1. Roll a 1.4 Å probe over the protein chains and send me the accessible area per residue for segment 2-269 in Å².
2. Given a 1.4 angstrom probe, I'd like the percentage of the accessible area of segment 2-269 that is carbon and sulfur, rounded to a whole number.
3. Give the whole-number value, in cubic angstrom per residue, of the convex hull volume spanned by the C-alpha atoms of segment 1-103.
4. For segment 192-260 and segment 1-75, write down the distance between their C-alpha centroids in whole Å.
5. Based on DSSP, what percent of beta bridges with both residues in the chain are antiparallel, to the nearest 5?
6. In a shell of Cβ-Cβ distance under 10 Å around SER151, excluding SER151 itself, what net charge do Lys and Arg (+1) and Asp and Glu (-1) give?
7. At most 14 other Cβ atoms within 10 Å and a DSSP loop assignment: could you name the GluC sites (Glu not before Pro) in segment 186-268 that fit?
8. Taking only C-alpha pairs under 8 Å that are 6+ residues apart, what is the relative contact order of the chain in percent?
Amino acid sequence: MRVHHFNCGTMRPIGGKLVDGKPGLLRRATLVCHCMLVETGTGLTLIETGMGSPTVTDAARWLGPRFLRTSNPMRDENETALSRIRALGFDPADVRDIVLTHLDLDHAGGLVDFPQARVHVYGKELDAYRAGNPRYRDVQFRHGPQWKSYSDTGDSWFGLDAVRELDGVEGVALVPLAGHTAGHAGVAVDTGSGWVLNAGDAYFFHQEIDAEPYCPPGLAMFERRVQTLPGPRRENQRRLRELRRDHADEVTVFASHDLTDFVRLSERSTV
């Protein structure tokens with residue numbers, strides 16, 4: 001099992017240290033869209049897709065003016081999942097499966113670039129989109145993704161309940177982490193030498209699941225503003241804190257948009 005980490009969408013919101021925790025207020029913060037490509041015995045699996053190639057050519061339609069104004073995403077073709085995968089020497093058409101933490105535009109916008117792939121997601125998340133929840137961008141799904149949805153029932157995994165192994169995808173599982181959205185999940189990958197858990201937007205800043213939690217105030221305010229279920233979000237952060245405390249030698253946890261987490265893992269491939 002080999003895992004590649006890459007950024008499929010840099011965002012530069014205002015706020016400086018109030019958002020990303022690094023020195024300086026009079027600058028734009030830096031957030032990323034942390035994706036993984038997993039080489040398994042059954043083919044290539046992409047964990048998250050970033051914003052997608054239409055961001056480069058038609059960002060207003062694809063992402064919407066509000067997101068462009070508040071998040072200020074870079075429109076760099078080299079940061080699309082398509083380009084990242086090609087740079088690794090793979091054919092994007094060989095991506096057989098995509099696993100998503102949730103369906104927000106900066107996580108699922110790249111589905112359109114992989115129409116041949118099966119798309120694995122929790123059923124509650126898919127139901128929320130199909131019910132017309134306005135947080136999701138319908139334009140990103142009009143190509144007709146090949147959905148594969150799951151109920152939030154399953155086995156125990158390092159103290160977390162209802163974890164589901166995916167059909168036909170070796171060594172990858174969905175971990176229920178509701179709160180940011182109703183059907184939000186983490187994606188766990190068994191590398192053979194330990195687990196990696198993409199916690200998606202269950203938290204936003206790497207220190208939020210430390211023994212003494214901290215999140216920059218601007219980012220914390222944003223986190224609360226975009227949550228769907230406040231109680232479950234806080235409870236799942238507590239559970240992730242326990243996971244890091246008790247199993248740090250077995251499970252590496254990261255947040256999708258945290259630059260520190262990304263830098264720590266981006267140069268690392270596991271075999």
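The values are calculated or read from the model by the stated rules, or taken from the named source; none is laboratory data. From a predicted model like this one, the values you see are computed outputs, not experimental measurements. Here the Cβ is made from the backbone with ideal geometry for all residues, glycine too, and neighbour counts use every protein chain on show. The area values use the complete protein model at the heavy-atom level, side chains included, leaving out ligands, DNA and RNA. Shrake-Rupley method; radii C 1.70, N 1.55, O 1.52, S 1.80 Å.
1. On the way: 11260 Å² over 268 residues.
Ligands and nucleic acids excluded, the result is 42 Å² per residue.
2. On the way: 5580 of 11260 Å².
Reported share for carbon and sulfur atoms: 50 percent.
3. Numbers: hull volume 12.3 nm³, N = 103.
Hull volume over Cα atoms, normalised by residue count, gives 119 Å³.
4. Centre-to-centre (Cα) distance: 17 Å.
5. On the way: 28 of 44 bridges.
Beta bridges within the chain, antiparallel portion: roughly 65 percent.
6. Values: positive: LYS124, ARG164; negative: ASP152.
In short, +1.
7. On the way: sites: GLU208, GLU223, GLU235, GLU242, GLU250, GLU267; in loops: GLU250, GLU267.
Here the sparse-neighbourhood loop sites are GLU250, GLU267.
8. Numbers: 623 pairs, mean separation 54.2, N = 271.
Relative contact order of the chain: 20 percent.
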